[in-house]
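Structure record follows, encoded as structure tokens.
The values are calculated or read from the model by the stated rules, or taken from the named source; none is laboratory data. From a predicted model like this one, the values you see are computed outputs, not experimental measurements. Glycine also receives a Cβ, built like all others from the backbone with ideal geometry; neighbour counts cover every protein chain displayed. Just so you know, the surface numbers come from the protein's heavy atoms only, side chains and all, with ligands and any DNA or RNA stripped out. Shrake-Rupley method; radii C 1.70, N 1.55, O 1.52, S 1.80 Å.
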Amino acid sequence: MQLVFNDCVIDLARRELSRGSKAVATPPQVFDLLAYLVQSRERVVSRDDLMSVIWAGRIVSDSTLDSHINAVRKSVGDSGQAQRIIKTVARKGFRFVAEVSELSACQEIADAVAEPAAVPQMDAPLPTLPTKPSIAVLPFVNLSGDPEQDYLCDGVVEDVIAALSRHRWLFVVARNSSFTYKGRSVDVKQVGRELGVRYVLEGSWRTSNRRVRITGQLIDAATGAHHWAGRFEGVLGDIFELQDQITSSVVGTIAPELERAELERAIRKATESLDAYDYYLRGTAQLHRGTRDAIDEALPLLQKAIEIDPGFASAYAMAAWCHCWRRINGWMANPSFEIAEGMRFARRAADLDRGDAVALTRSGHALAYLSNDIPGGIALIEKALSLNPNLAAAWFLGGFLKIWHGEPELALDYLGRAMRLSPVDPELYRMQAGMAVANLLLGRLDASSSWAEKAFRELPSFLLAAAVLAASHALAGRTTEAQGAMKSLRLLDPNLRLNNISEWLPIQLPTHLDTILDGLRKAGLPG
């Protein structure tokens, strides 16, 4: 349904706001707040109502609520002085006062049918591309030869649509729109124009001897270029378990591919034409590289994204995580200031959007590491996983927090899940380092050194990987290898000592800290 007022149109199904002929970029909570006010226009909405509906009952400050109301007003061309659209009712709340008309899909069809045949029909305006990346998942083609398997094939596609929709940075066309193309031979470029999306995921379903094979391909709807193609297989037994497995595999693969495609698109754009999301993408790409120079480049890019969009929760969270990574590697020039700055960014991210799994993941991990509040960080990441169970970063960063909390066995499960979800992830070296630490604490020294070598080979400036490599070799009695790793460790951080390890690694169990200290002592780290 579309709601029309003044020169604005809000599309509730597509979560889009436009003024005149231009789309208006609106952060998720700002859109939710506007939609709620419009739909509640017959009454005054109290502050408590807004906290209950928009913030799920969480207490937020008056200033936070007021800043969101101001953002809504700005998005629709109103202001606190004019109050032509949203009126503040003293001591009671807010009321949407502009005149609203509703336009549903049924009305559009009825209007078209009611037109006299002799009157030339105007083509409906094509939807504009959202400011964030957008995708339509088309019904997969059933190649099994059994029409009764259509419902199984459709069920997988519906699950993929629902799972992709959990990525708040991604605009996903609703199932009802995607399925209008079922059984039709389609031109992907035309689909992109008609649905207003940049990417299309299409695929097929085939069964043989109780096995199911699904193939898929991700296509750029503007150019027809293929960004990715792959296949997934399973046994046609418990269909619900199979659907979960396939959905997890597809979404875990597609989400990083979309990020990569968007990054390539952002890099091709001229710097002066970048918007908040493009700066965020560029900053995130530098963050993934992990080097000191890359992080120095990432922070200003993320801060620029925040400057353009002060409500961009994920940008705050990634900026916080840059400070976190600088501390992990001993790169902080002014630790007290940078730790405080990282915590400020992280708290802002969590306050802005508790429904953003990416923001909760990065801010949760940053807060845990920078403030040593491991249980608090775990709670935020568990919330992120409840919102998006296919987010690889939440699994591997949650794995690190489980390590620091004293649960290395559970951490291995988390890290393994992350690597299954995203086997070619740009942050794979971080996952490998987590596997190395967890195995070290469990006494599995060969596995620990193997994982640490992989991580250190991928990023030779990774302080944690070098430390675990030295400790695991030393505890295993491989003196020459341990000394070589220690030489690298001392070059990376000459100030690292046994007596300041606990300031660097937030290990909660004394026995786990003793294991690392013992290994580093045997490897030659001075006290």
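Identify, by number, the condition in (1) closer than 23 Å to Q29 by Cα; (2) in contact (Cβ under 8 Å) with a residue 60 or more places away in the chain; (3) surrounded by fewer than 21 Cβ atoms within 10 Å (Cβ to Cβ); (4) not acidic (D, E) that Q303 doesn't meet.
Condition not satisfied by Q303: (2).
For residues that are buried (at least 19 other Cβ atoms within 10 Å of the Cβ) and without any contact (Cβ under 8 Å) to a residue 40 or more places away in the chain, scanning just the stretch 1-39, find the one that is farthest from A357 (Cα to Cα).
I10
Give the residues of the stretch 364-376 that are open to solvent by less than 30 Å² (accessible area, probe 1.4 Å) and over 17 Å from the mean Cα position of the chain (by Cα), sorted by residue number.
From the stretch 364-376, those open to solvent by less than 30 Å² (accessible area, probe 1.4 Å) are 364-370, 374, 376; that's our starting set.
Passing the criteria: L367, A368, Y369, L370, I374, G376.
Just need a number here: residues in the stretch 445-465 that are more than 17 Å from D493 (Cβ to Cβ) and buried (at least 19 other Cβ atoms within 10 Å of the Cβ). Give the derivation first.
Start the filter on the stretch 445-465 by keeping residues that are more than 17 Å from D493 (Cβ to Cβ), which leaves 445-451, 453-454, 457-458.
Narrowing further to those that are buried (at least 19 other Cβ atoms within 10 Å of the Cβ): 445, 448-449, 451, 453.
So the count comes out to 5.
Kindly provide the set of residues from the stretch 410-444 that are open to solvent by 30 Å² or more (accessible area, probe 1.4 Å) and touching a Lys or Arg at 6+ places or on another chain (Cβ under 9 Å), ordered by number.
Matches in the stretch 410-444: L410, D413, P426, L428.
Going through the stretch 510-526 one residue at a time, which ones are without any contact (Cβ under 8 Å) to a residue 60 or more places away in the chain, in a helix (DSSP H, G or I) and either aliphatic (A, V, I, L, M) or more than 17 Å from L401 (Cα to Cα) (or both)?
Our first condition is that a residue be without any contact (Cβ under 8 Å) to a residue 60 or more places away in the chain; within the stretch 510-526, this holds for 510-511, 513-514, 517-518, 520-526.
Next, from what is left, pick out any that are in a helix (DSSP H, G or I): 510-511, 513-514, 517-518, 520-523.
Of everything in the stretch 510-526, those that are without any contact (Cβ under 8 Å) to a residue 60 or more places away in the chain, in a helix (DSSP H, G or I) and either aliphatic (A, V, I, L, M) or more than 17 Å from L401 (Cα to Cα) (or both) turn out to be L513, D514, L517, D518, L520, R521, K522, A523.
Hey, among T128, T207, T180, T215, which residue is without any contact (Cβ under 8 Å) to a residue 12 or more places away in the chain, out of contact with any His (no Cβ under 9 Å at 6 or more places or on another chain) and either assigned to a strand (DSSP E or B) or not charged (D, E, K, R) (or both)?
Numbers: T128 fails: without any contact (Cβ under 8 Å) to a residue 12 or more places away in the chain; T207 fails: without any contact (Cβ under 8 Å) to a residue 12 or more places away in the chain; T215 fails: without any contact (Cβ under 8 Å) to a residue 12 or more places away in the chain.
Only one candidate passes the filter, namely T180.
For the stretch 310-322, which residues satisfy the criterion of being buried (at least 21 other Cβ atoms within 10 Å of the Cβ) and either of a type in the set (A, V, I, L, M, F, W, C) or not in a helix (DSSP H, G or I) (or both)? Even if it seems obvious, please write down each step before you answer.
So in the stretch 310-322, the residues buried (at least 21 other Cβ atoms within 10 Å of the Cβ) come out as 312-322.
Passing the criteria: F312, A313, A315, A317, M318, A319, A320, W321, C322.
I'm trying to understand the selection: among the residues of the stretch 325-349, which are without any contact (Cβ under 8 Å) to a residue 60 or more places away in the chain, surrounded by fewer than 24 Cβ atoms within 10 Å (Cβ to Cβ) and of a type in the set (A, V, I, L, M, F, W, C)?
Of everything in the stretch 325-349, those that are without any contact (Cβ under 8 Å) to a residue 60 or more places away in the chain, surrounded by fewer than 24 Cβ atoms within 10 Å (Cβ to Cβ) and of a type in the set (A, V, I, L, M, F, W, C) turn out to be W325, W331, M332, A333, F337, I339, A340, M343.
Does A266 fit the bill of being assigned to a helix (DSSP H, G or I), in contact (Cβ under 8 Å) with a residue 60 or more places away in the chain and open to solvent by less than 10 Å² (accessible area, probe 1.4 Å)? Give the steps one after another, and end with the answer.
Numbers: assigned to a helix (DSSP H, G or I): yes; in contact (Cβ under 8 Å) with a residue 60 or more places away in the chain: no; open to solvent by less than 10 Å² (accessible area, probe 1.4 Å): yes.
The answer is no for A266.
Can you tell me which residue is nearest to S461 (Cα to Cα) among those in the stretch 323-363 that are under 17 Å from the mean Cα position of the chain (by Cα) and assigned to a loop (DSSP other than H, G, I, E, B)?
By that ranking, first place goes to D356.
Please find, among L299, L281, the residue that is part of a helix (DSSP H, G or I) and touching an Asp or Glu at 6+ places or on another chain (Cβ under 7 Å).
Numbers: L299 fails: touching an Asp or Glu at 6+ places or on another chain (Cβ under 7 Å).
Going through L299, L281 in turn, the sole match is L281.
State whether one or more residues within the stretch 392-406 are at pLDDT below 95, touching a helix residue (DSSP H, G or I) at 6+ places or on another chain (Cβ under 8 Å) and not in a helix (DSSP H, G or I).
No, the stretch 392-406 contains no residue that is at pLDDT below 95, touching a helix residue (DSSP H, G or I) at 6+ places or on another chain (Cβ under 8 Å) and not in a helix (DSSP H, G or I).
Of all the residues that make up the stretch 185-198, how many are charged (D, E, K, R) and out of contact with any Pro (no Cβ under 9 Å at 6 or more places or on another chain)?
The initial filter retains those residues of the stretch 185-198 that are charged (D, E, K, R), namely 187, 189, 193-194, 198.
From the residues that got through so far, the ones that are out of contact with any Pro (no Cβ under 9 Å at 6 or more places or on another chain) too are 187, 189.
Residues meeting the conditions: 2.
Considering only the stretch 194-222, how many residues are in contact with a Leu (Cβ under 8 Å, 6 or more places away or on another chain), surrounded by fewer than 18 Cβ atoms within 10 Å (Cβ to Cβ) and within 27 Å of W169 (Cα to Cα)?
Of the residues in that region, 2 qualify.
Tell me whether the stretch 106-114 contains one or more residues that are over 24 Å from A71 (Cβ atoms) and modelled with pLDDT of 85 or more. Spell out how you get there, then give the answer.
Of the stretch 106-114, the ones over 24 Å from A71 (Cβ atoms) are 106-114.
Subset that is modelled with pLDDT of 85 or more: none.
No: zero hits.
Assess whether S40 counts as being more than 14 Å from F96 (Cβ to Cβ), over 23 Å from the mean Cα position of the chain (by Cα) and at pLDDT 85 or above. Outline the logic, then answer.
Details: more than 14 Å from F96 (Cβ to Cβ): no; over 23 Å from the mean Cα position of the chain (by Cα): yes; at pLDDT 85 or above: yes.
Taking the combined requirement at face value, the residue does not satisfy it.
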